[in-house]
1. Across region 62-89, which residue is surrounded by the most Cβ atoms within 10 Å (Cβ to Cβ) among those that are within 12 Å of residue 17 (Cβ to Cβ) and more than 10 Å from the chain's Cα centre (by Cα)?
2. For region 51-61, give me the residue count where each residue is out of contact with any helix residue (DSSP H, G or I) (no Cβ under 9 Å at 6 or more places or on another chain) and surrounded by 14 or more Cβ atoms within 10 Å (Cβ to Cβ).
3. Report, by residue number, each residue of region 90-103 that is surrounded by fewer than 18 Cβ atoms within 10 Å (Cβ to Cβ) and under 25 Å from residue 8 (Cβ atoms).
4. Filter region 3-20 down to the residues that are in contact with a strand residue (DSSP E or B) (Cβ under 7 Å, 6 or more places away or on another chain) and free of Cβ contacts under 8 Å to residues at least 60 places away in the same chain, then identify the one that is nearest to residue 73 (Cα to Cα).
């Protein structure tokens, strides 16, 4: 495991957001969804591609609060521009999203 400095870690913008739209992404190389998240006024709505189809339906994702990295450069995936990184843990069954256990305001920064 590589160590990172506290300064480097603090430069990562991990923010709370609410999933507001999910669409199939058939053009992606691996099974994926297109996901739109509301990070509130300062950041706004951002979109990403997420390989989370094994454990989540589109319907159950709507309204789910997640943690996203919002200050990475955009990344093109097939014909779609991903604007943030949706955080999760790889498991044998698929990716489990990082989420909050109590409702909080969108845009809050993870400390």
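1. Top of the filtered list is 64.
2. Counting residues in region 51-61 that are out of contact with any helix residue (DSSP H, G or I) (no Cβ under 9 Å at 6 or more places or on another chain) and surrounded by 14 or more Cβ atoms within 10 Å (Cβ to Cβ) gives 5.
3. Residues satisfying the conditions are 90, 98, 99, 100.
4. Only one residue fits best here, namely 12.
FYI, it's all coordinate maths here, none of it is from the lab. All values reported here derive from a predicted model rather than from experimental measurement. Note that each Cβ is placed from the backbone with ideal geometry, even for glycine, and that neighbours are counted across all protein chains shown.
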